[in-house]
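**Student:** Sharing a structure, written as structure tokens. Questions coming.
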Amino acid sequence: KEEGNAYNFYTEEMNAKAQARMRMETSLRRAVQNRELVLYYQPMVDSKHRIQGMEALLRWMHPEIGLVPPAQFIGVAEETGAIVPIGRWVLEEACRQAKLWQDQGFQDLYVAVNLSARQFRQPDLVEEVLDILERTGLMAHHLKLEVTESSVMDNPEDAIAKMESLFGHGIRFSIDDFGTGYSSLSHLKRFPVDTLKIDRSFVRESTENQGDQEIIRTILAMATSLNMKAVAEGVETREQRDFLCKEVCRIMQGFYFGPPVPQADFEGLLKRGVLGE
Ligand code: C2E
Ligand code: MG
Ligand code: MG
């Protein structure tokens, strides 16, 4: 009915899809209890390739299918509400791990955690985040929450209230995939946003496409004038890195420096300290 038709043709294929989805829903619900979820960590580095922090990225180790990337299940988890307990687990696990690494001597490390739109709408989000920080012992300023333009623009007043409250406790926010959504600039300046993450679609062709170069320059200039930081996502080549450094983008993330890796491998990177050549 959402598609505007009074009726629709029903096919075998749709039936198979619906069944696959239902199986996914049921197994997702069990994933947290069965400990099938794991976090990978991707480094965020400065211009000298020193690790400043890491983004926690969710993976599902499905007992039959194997490793499932988030693109294949976050959507379903959002629709069914399963994202709420999953997101809570992600946040707690990421904070616990960050605190562990800090205790091993990597004191200034911060962790970035993605928050879905649905999680962002949770009425008790602020209490939940503060509770997790308390339980794990991670200091608030070592946590960055990544939200998208659409999840904050969905209900800007509610978003501002929650962000202000968390910000008041020292928690920082990044706008993920920045430049791909509809940010109202008048709202943007009211949000307590710490960082704009330049979407990787602009970085991808930044060495050949002048339009993308201009967009990156514009976002960097905007971040500076709004007193925010900028992070470039999806940096895959040396040329892209050089372009970004020339434009004074101080923090970068991407396969060029390192893909998301399991906790043990990330620990190896931390011990090395500097990534790439
Ligand atoms: P995102 O937050 O924008 O995360 C960055 C994505 O880009 C990750 O994909 C990462 O593996 C990928 N990436 C990083 N560097 C490069 C690069 O150089 N080239 C290319 N082509 N890709 C790169 P991933 O891990 O598959 O996650 C996809 C999306 O799923 C994330 O996008 C985020 O929106 C969502 N997601 C991941 N983990 C969570 C989570 O714990 N909670 C929620 N709500 N969403 C999550
Ligand atoms: Mg992210
Ligand atoms: Mg992103």
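Every number in this text was worked out from the coordinates using simple rules, so none of it is lab data. Bear in mind the structure is a predicted one, so any value in this text is a computation, not a measurement. Neighbour counts are summed over all protein chains in view; Cβ atoms, including those assigned to glycine, are modelled from backbone coordinates with ideal geometry.
**Student:** Multiply the residue gap between residue 17 and residue 218 by 0.36 nm, knock off their C-alpha separation, and tell me the result in nm, one decimal place.
**Tutor:** Gain on stretching residue 17 to residue 218: 68.1 nm.
**Student:** Moving on to the next point. For the chain, with the dipole built from +1 on Lys and Arg beta-carbon atoms and -1 on Asp and Glu ones, taken about the Cα centre, which of 73, 148, 258 lies farthest toward the positive end?
**Tutor:** 258
**Student:** Here's a follow-up. For the stretch 135-148, what does the Karplus curve 6.51 cos²θ - 1.76 cosθ + 1.60, with θ = phi - 60°, yield as ³J(HN,Hα) per residue in whole Hz, taken in order and with x for Gly and Pro?
**Tutor:** Result, ordered by residue: 5, 8, x, 6, 6, 4, 6, 9, 10, 10, 9, 9, 10, 9 Hz.
**Student:** Restricting to the stretch 1-125, compute how many DSSP beta bridges are antiparallel as a %, nearest 5.
**Tutor:** 75
**Student:** Using the Cα centre as the reference, give the magnitude of the dipole from point charges on the C-beta atoms of the chain (Lys, Arg: +1; Asp, Glu: -1; all else neutral), rounded to the nearest 20 debye.
**Tutor:** Roughly 560 debye for the chain.
**Student:** If r is the Cβ-Cβ distance from residue 255 to residue 205 and R0 is 22 Å, what FRET efficiency results, to the nearest 0.05?
**Tutor:** It comes out at approximately 0.90.
**Student:** Further, regarding this structure: What spacing in nm lies between the two simple spin-label points modelled at residue 121 and residue 180, each 7 Å away from Cα in the Cβ direction?
**Tutor:** Between residue 121 and residue 180, the simple spin-label model gives 2.1 nm.
**Student:** Quick one: which of 197-204, 141-148 comes out on top by average Cβ neighbours within 10 Å, and what's the full order, highest first?
**Tutor:** 197-204, 141-148
**Student:** Enumerate the amide H contacts of residue 55 below 5 Å, restricted to partners 5 or more residues apart or on another chain; note that Pro and chain-start residues carry no placed amide H.
**Tutor:** 42, 44, 112
**Student:** Taking other Cβ within 10 Å of each residue's Cβ, how do 121, 172, 135 sort, fewest first?
**Tutor:** Fewest to most other Cβ atoms nearby, the residues stand as 135, 121, 172.
**Student:** Hey, rough spin-label estimate for residue 131 and residue 67, points 7 angstrom out along Cα→Cβ, what's it come to in nanometres?
**Tutor:** 3.3
**Student:** I would also like to ask the following. Amide H neighbours of residue 148 under 5 Å, at least 5 residues apart or on other chains, H built in the peptide plane: list them.
**Tutor:** Here the answer is 176, since their amide H atoms fall under 5 Å of that of residue 148.
**Student:** Computed FRET efficiency, Cβ-Cβ of residue 46 and residue 26, R0 30 Å: what is it to the nearest 0.05?
**Tutor:** Working from the Cβ atoms, E equals 0.10.
**Student:** If you build a Gaussian network model of the chain, linking Cα atoms that sit under 10 Å apart, which residue out of 149, 55, 128 swings the most?
**Tutor:** Residue with maximal mean-square fluctuation among 149, 55, 128: 128.
**Student:** Still on this structure, I have one more. Mind checking the full-extension length gain between residue 140 and residue 190? Use 0.36 nm per residue of separation minus the Cα-Cα distance, one decimal, nm.
**Tutor:** Roughly 15.9 nm would be gained on extension.
**Student:** Could you go through the stretch 82-89 in sequence order and give the Karplus-derived ³J(HN,Hα) for each residue, using 6.51 cos²θ - 1.76 cosθ + 1.60 with θ = phi - 60°, rounded to whole Hz, and x for Gly and Pro?
**Tutor:** Whole-Hz 3J(HN,Hα) from phi for the stretch 82-89: 4, 5, 5, x, 5, x, 5, 4.
**Student:** Counting only C-alpha contacts under 8 Å and six or more residues apart, can you give the relative contact order of the chain as a whole percent?
**Tutor:** After rounding, I find 18 percent.
**Student:** May I ask for the equivalent-ellipsoid semi-axes of the chain, computed as the square root of five times each C-alpha gyration tensor eigenvalue and listed largest first in whole Å?
**Tutor:** Taking √(5λ) for each Cα gyration eigenvalue gives 30, 24, 21 Å.
**Student:** Another question, then. Once label points are set 7 Å from the Cα along Cα→Cβ at both residue 239 and residue 160, what is their separation, rounded to one decimal in nm?
**Tutor:** Here the modelled spin labels are 4.4 nm apart.
**Student:** Exactly which chymotrypsin sites (Phe, Trp or Tyr not before Pro) in the stretch 226-277 are in a DSSP loop and have at most 15 other Cβ atoms within 10 Å?
**Tutor:** 255
**Student:** For the chain, what proportion of DSSP beta bridges, expressed in % and rounded to the nearest 5, is antiparallel?
**Tutor:** Of all bridge pairs located within the chain, approximately 40 percent are antiparallel.
**Student:** Could you tell me how many degrees, from 0 to 90 and to the nearest 10, lie between the Cα long axis of helix 156-168 and the main elongation axis, the longest principal axis, of the Cα atoms of the chain?
**Tutor:** Between helix and principal axis, roughly 50 degrees.
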